[in-house]
Amino acid sequence: MVPPTTDGPPAPTTSREEAWVAHAALLDAARNATEDAEPYRGPLESIERGEPLDGEGVAVLRDALVDYLGDAPVRDRAPGRALLRRTDDAADAQSRRA
């Protein structure tokens with residue numbers, strides 16, 4: 001996937017593996033949501049379409065990755081950690097702009 005050419009949020013993933021991990025983490029978080037799985041719908045749809053996440057979507061993905069990577073399959077760990085680093089960077093950049 002190609003990063004956006006604007007100053008908007010970064011593309012959520014850059015590889016198929018990362019897209020898979022992002023999707024798995026968000027689905028896992030939605031399944032484990034005790035009250036409302038709705039916050040995961042937008043980020044899931046964006047990941048499926050290969051679109052950038054908004055600020056809230058980045059935060060939701062970051063939290064989902066933190067929870068998912070603790071028990072993730074071995075194949076998901078390296079791409080998941082790389083994606084987590086980028087979501088951390090994106091969240092930091094957004095907080096500095098705010």
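Condition check: touching a Phe, Trp or Tyr at 6+ places or on another chain (Cβ under 8 Å) and not aliphatic (A, V, I, L, M). Does Gly42 satisfy that? Explain how you work it out, then say what you get.
Working: touching a Phe, Trp or Tyr at 6+ places or on another chain (Cβ under 8 Å): no; not aliphatic (A, V, I, L, M): yes.
No; evaluated as a whole, the condition is false for this residue.
Can you name the number of the only condition in (1) part of a loop (DSSP other than H, G, I, E, B); (2) open to solvent by 80 Å² or more (accessible area, probe 1.4 Å); (3) touching a residue at least 12 places away in the same chain (Cβ under 8 Å) that Ala72 fails?
(2)
Tell me which residues, restricted to region 55-69, are over 11 Å from the mean Cα position of the chain (by Cα) and either open to solvent by 70 Å² or more (accessible area, probe 1.4 Å) or among the acidic types (Asp, Glu) (or both).
Asp67
Just checking, how many residues over region 32-54 are in a helix (DSSP H, G or I) and open to solvent by 30 Å² or more (accessible area, probe 1.4 Å)? So that I can check it myself, show each step before the final result.
The initial filter retains those residues of region 32-54 that are in a helix (DSSP H, G or I), namely 32, 38-49.
Next cut, open to solvent by 30 Å² or more (accessible area, probe 1.4 Å) only: 32, 38-42, 45, 48-49.
Number satisfying all stated conditions: 9.
Within region 42-59, can you find the residues that are touching a helix residue (DSSP H, G or I) at 6+ places or on another chain (Cβ under 8 Å) and under 12 Å from His23 (Cα atoms)?
Gly42, Pro43, Leu44, Ser46, Ile47, Glu48, Gly50
The values are calculated or read from the model by the stated rules, or taken from the named source; none is laboratory data. Model, not experiment: these values are computed from the prediction. Don't worry about glycine lacking a Cβ; one is built from the backbone with ideal geometry, like all the others, and counts go over all protein chains shown. To get the accessible areas, we keep the full protein, side chains included, count just its heavy atoms, and leave off ligands, DNA and RNA. Shrake-Rupley method; radii C 1.70, N 1.55, O 1.52, S 1.80 Å.
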